[in-house]
1. Please work out which residue is nearest to residue 133 (Cα to Cα), limiting yourself to region 71-100 and to residues that are surrounded by fewer than 19 Cβ atoms within 10 Å (Cβ to Cβ) and of a type in the set (A, V, I, L, M).
2. Looking at (1) crowded, with 16+ Cβ neighbours inside 10 Å; (2) over 23 Å from the mean Cα position of the chain (by Cα); (3) among the β-branched types (Val, Ile, Thr), can you tell me which one residue 17 breaks?
3. Within region 101-121, work out how many residues are without any contact (Cβ under 8 Å) to a residue 24 or more places away in the chain and either open to solvent by 10 Å² or more (accessible area, probe 1.4 Å) or among the aromatic types (Phe, Trp, Tyr) (or both).
4. Inside region 150-177, can you point out the residues that are at pLDDT 85 or above, open to solvent by less than 20 Å² (accessible area, probe 1.4 Å) and farther than 19 Å from residue 109 by Cα?
5. Of everything in region 64-83, what is at pLDDT below 95 and of a type in the set (D, E, K, R)? Give them in sequence order.
6. Can you find even one residue in region 105-112 that is over 19 Å from residue 173 (Cα atoms), modelled with pLDDT of 95 or more and not in a loop (DSSP other than H, G, I, E, B)?
7. Here are 44, 10: which of them is out of contact with any helix residue (DSSP H, G or I) (no Cβ under 9 Å at 6 or more places or on another chain), in a strand (DSSP E or B), hydrophobic (A, V, I, L, M, F, W, C) and loosely packed, with under 15 Cβ neighbours inside 10 Å?
8. Scanning region 122-149 for residues that are under 17 Å from residue 161 (Cβ atoms) and not in a strand (DSSP E or B), which turns out least open to solvent (accessible area, probe 1.4 Å)?
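The values are calculated or read from the model by the stated rules, or taken from the named source; none is laboratory data. On a predicted model such as this, the values are computed, not experimentally measured, just so you know. Cβ placement follows ideal geometry from the backbone for every residue including glycine, while neighbour counts extend to all protein chains displayed. Accessible surface is based on the protein model in full, side chains and every heavy atom, while ligands, DNA and RNA are left aside. Shrake-Rupley method; radii C 1.70, N 1.55, O 1.52, S 1.80 Å.
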Amino acid sequence: LNIGEPISYARLLPGGTRGIVVSNKANTMQQKENDLYILDLASADKRILYSDYGEITEVTMNKQKTYIAFLNKKERTYHVWDLEKKKEIYKRRSSFAQVESLKFLEDGSHLMVGGAVGLRTRKILVIDINRNKEVASREFPSWINPQPVGQMDIGITAKEKGGFKFQSMIWNWKTGSENMLHNFRGIEEGIIFRKRLDKRRGNIIAGTVD
């Protein structure tokens, strides 16, 4: 199916007859509308949910394929749409100087937002979409790479402030507890009972600790 325009994101919706699509007609140099729409694969009909003159980035859909989230880069707002009700259910202007990560947690109703709050400081927010409320946050003094690894756990690789060493941990946003996998000295701590692997490289991306 040729929809006749550049796209930055496309995923099938449940049932396999429709898809969710984000167009990529505009960027920082072009003043054209980008759209988020549901596409009927048989008829090629589009139902536009959201349009804006600027880039729609950091697009992510929950595992249940009921919610989609994205960042309006120009306005620095992030949005969540209910794909079943076809309406926006959450919108917030980012407090971050730069949003670097937007991902749903495993339960599909919590959104993790990570970004820069200063020159080096990074922060993770967890938002309960159903309650329209920020429920947890955690700051780090330098670069981080957060990845959801469970219902309440986020695996985090963090860079040492002012250095070149890294540590990895599991942060439980519900309890606030932290389990260190490797510290900045490269010493393994805890017992890893579940791992997420990069199959191509064979290294551990994240794991949970007992």
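1. Across region 71-100, the extreme among qualifying residues is 89.
2. Status for residue 17: all satisfied but (1).
3. Applying the first criterion (without any contact (Cβ under 8 Å) to a residue 24 or more places away in the chain) to region 101-121 yields 115-119, 121.
Retained after the next criterion (residues that are either open to solvent by 10 Å² or more (accessible area, probe 1.4 Å) or among the aromatic types (Phe, Trp, Tyr) (or both)): 117-119, 121.
Of the residues in that region, 4 qualify.
4. Within region 150-177, 156, 158, 169, 170 meet the criteria.
5. Scanning region 64-83 gives 73, 74, 75, 76.
6. Here is the first cut: in region 105-112, the residues over 19 Å from residue 173 (Cα atoms) are none.
No.
7. On the way: 44 fails: in a strand (DSSP E or B).
Step by step, each of 44, 10 is checked, and only 10 is out of contact with any helix residue (DSSP H, G or I) (no Cβ under 9 Å at 6 or more places or on another chain), in a strand (DSSP E or B), hydrophobic (A, V, I, L, M, F, W, C) and loosely packed, with under 15 Cβ neighbours inside 10 Å.
8. Ranking the candidates gives 142 first.
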